[in-house]
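First comes the structure, then the notes that go with it.
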Amino acid sequence: MMQRFQRFNKLKQARNGLLSYQRNFSVLPSYAQCDDPQDQVLVEGRAKSRAAILNRPASLNALTIPMVARLKRLYESWEENPDIGFVLMKGSGKAFCSGSDVVSLCELLNEGKMEECKTYFQTLYKFVYLQATYLKPHVAILDGFTMGAGAGIAVPGMFRVATNKTVFAHPEAQIGFHPDAGASFYLSRLPGYLGEYLALTGDKLNGAEMIACGLASHYVLHERLDLVEERLGKLITDEATVIETSLAQYGDLVYPDKTSVLLKFETIDKCFSHDTVEEIVDALESEAADDSYNEWCKNAIGKIKEASPLSLKVALQSIREGRFQSLDQCLAREYQMSLAGMSKQVSNDVCEGVRARLVDKDFAPKWDPPSLEEVSKDMVDSYFSPLGEFEPELELPTALREPYI
């Protein structure tokens, strides 16, 4: 038992060093069903480690209820197994994970199966918390699309390996939802107001940009991943420093290029620091008059205007609240928000956004309300209100597991 707690403290120190966010500095998958839950998450056994492989490549490894349940069970069992020193997660095909399978969730809603949706979010958020409190080193290889909840299941881990194929994004507002699975925690801790920018526009970051702003811990060329995995597979260790050294041996020193959004921090902070979405849009329109950023500002405005007005206001408040909350508090609040969004009590924007972007693909959602001006304070507040008397809140084992981040 004493060795277990000593290891816990070592991992905590290592992760605090690797995942210290400093405030200073469209993909359309085919959501096909996969029958066997075990086929959706494959397992590779290695000398002193285990690898979980997200295996729905036709759906860009979008998360389903069976997938998150299996991931949680696997990680819990691996943590208790003394023969396993560390764990790894990766995706099949051209994605790490494109987020939640929102098409399936909306199908459940339309069939009146709200309880199954609740089960999904409960299990997903508990798995995110498990990642953030894991007692063994964890490596996530973010090769390809890493979006929405797909980022949520990776960012809390100790080592996040980005590549030249990585595409990170939180496009939830564009489908009428909100950045969840812990996103309000880590987006709010990005440099300046970059988190607000990413949440409202759904814009993408590449692997080099993820390194620059702290979302990834290592950068490895896609072409070298086989060498990295071969090296990790031979390790007989549970020491984070040994794993870090192995990753660093194949790593590359990279910087964002001259077109990167990270070089526009001054404008991002100037525009996205405002209190309301309306003020943010006004600030962008004023900046658009400056020829140097004209096109970039117009693109940002266009992306914001494509999103659900209600989701934009909900997402902005979520990021702002997350800045002053712990991870478990963010997850508990996001659970309330997710149930509010999926319940359709205020709006049907989630299913309408999914229909327009992922099912019919007409890209012409009929948002309700249709404009920012028509989104009332009461509508937004309803997403942040405690659940009803007979609706249990999300319960996380905070007394037993302390987050590293």
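Please list, ordered by first then second residue, the pairs with beta carbon atoms under 7 Å, 6 or more apart or interchain, first in the range 157-183 and within 30 Å of Pro369 (Cα to Cα), second open to solvent by 10 Å² or more (accessible area, probe 1.4 Å) and assigned to a strand (DSSP E or B).
What qualifies is Phe168/Lys204; Ala169/Lys204.
Which count do you get for residues in the range 217-249 that are under 11 Å from Val161 (Cα atoms) and either open to solvent by 10 Å² or more (accessible area, probe 1.4 Å) or of a type in the set (Val, Ile, Thr) (or both)?
Selection size over the range 217-249: 10.
Go over the candidates Thr259, Thr245 one by one and state the one that is β-branched (Val, Ile, Thr) and over 24 Å from Glu44 (Cα atoms).
Answer to the check: Thr259.
Would you mention how many residues in the range 183-228 are part of a helix (DSSP H, G or I) and of a type in the set (Phe, Trp, Tyr)?
Here the count works out to 3.
Inside the range 206-239, can you point out the residues that are closer than 21 Å to Ala183 by Cα and small (Gly, Ala, Ser)?
Hits for the range 206-239 are Gly207, Ala208, Ala212, Gly214, Ala216, Ser217.
Can you tell me how many residues within the range 212-232 are touching a Leu at 6+ places or on another chain (Cβ under 9 Å) and not aromatic (Phe, Trp, Tyr)?
Residues that pass the stated criteria total 12.
Pick from Cys297, Cys271: which is touching an Asp or Glu at 6+ places or on another chain (Cβ under 9 Å), crowded, with 22+ Cβ neighbours inside 10 Å and part of a helix (DSSP H, G or I)?
Answer to the check: Cys271.
List the number of the failed condition for Ser184; all other conditions in (1) at pLDDT 95 or above; (2) out of contact with any Cys (no Cβ under 6 Å at 6 or more places or on another chain) hold.
It is condition (2) that Ser184 fails.
Is there a residue being farther than 18 Å from Ala315 by Cβ, assigned to a loop (DSSP other than H, G, I, E, B) and open to solvent by less than 50 Å² (accessible area, probe 1.4 Å) anywhere in the range 380-389?
yes
Only one of these is touching a helix residue (DSSP H, G or I) at 6+ places or on another chain (Cβ under 8 Å), small (Gly, Ala, Ser), surrounded by fewer than 24 Cβ atoms within 10 Å (Cβ to Cβ) and on the phi < 0 side of the Ramachandran plot: Ser92, Ser184. Name it.
Ser92
For the range 159-181, name all the residues that are surrounded by fewer than 24 Cβ atoms within 10 Å (Cβ to Cβ) and touching a Lys or Arg at 6+ places or on another chain (Cβ under 7 Å).
Selection gives Val167, Ala169.
Test of understanding: among Ala340, Ala288, which residue is out of contact with any strand residue (DSSP E or B) (no Cβ under 7 Å at 6 or more places or on another chain), buried (at least 16 other Cβ atoms within 10 Å of the Cβ), under 27 Å from Leu394 (Cα atoms) and at pLDDT below 95?
Answer to the check: Ala340.
From Lys72, Lys126, which residue is in contact with a Ser or Thr (Cβ under 8 Å, 6 or more places away or on another chain) and among the charged types (D, E, K, R)?
So the residue among Lys72, Lys126 that is in contact with a Ser or Thr (Cβ under 8 Å, 6 or more places away or on another chain) and among the charged types (D, E, K, R) is Lys72.
In the range 308-337, which residues are touching a Gly at 6+ places or on another chain (Cβ under 7 Å) and either at positive phi or not in a helix (DSSP H, G or I) (or both)?
Ser308
Return the residues of the range 232-253 that are under 18 Å from Ile84 (Cα atoms) and part of a helix (DSSP H, G or I); say none if nothing qualifies.
Leu232, Gly233, Lys234, Ala240, Thr241, Val242, Ile243, Glu244, Ser246
Out of all the residues in the range 390-405, which are more than 17 Å from Met337 (Cα to Cα) and either at pLDDT below 80 or loosely packed, with under 14 Cβ neighbours inside 10 Å (or both)?
Pro397, Ala399, Leu400, Arg401, Glu402, Pro403, Tyr404, Ile405
Does the range 350-366 include one or more residues that are out of contact with any His (no Cβ under 6 Å at 6 or more places or on another chain) and either on the phi > 0 side of the Ramachandran plot or among the aromatic types (Phe, Trp, Tyr) (or both)?
Within the range 350-366 (the criterion being out of contact with any His (no Cβ under 6 Å at 6 or more places or on another chain) and either on the phi > 0 side of the Ramachandran plot or among the aromatic types (Phe, Trp, Tyr) (or both)), the answer is yes, since at least one residue qualifies.
The values are calculated or read from the model by the stated rules, or taken from the named source; none is laboratory data. In this text the structure is predicted, and so the values were computed from the model without any measurement. For neighbour counting, all protein chains shown are included, and Cβ atoms are generated from backbone atoms with ideal geometry for every residue, glycine included. For the accessible areas, the whole protein counts, side chains as well, though only heavy atoms, and no ligand, DNA or RNA atoms are used. Shrake-Rupley method; radii C 1.70, N 1.55, O 1.52, S 1.80 Å.
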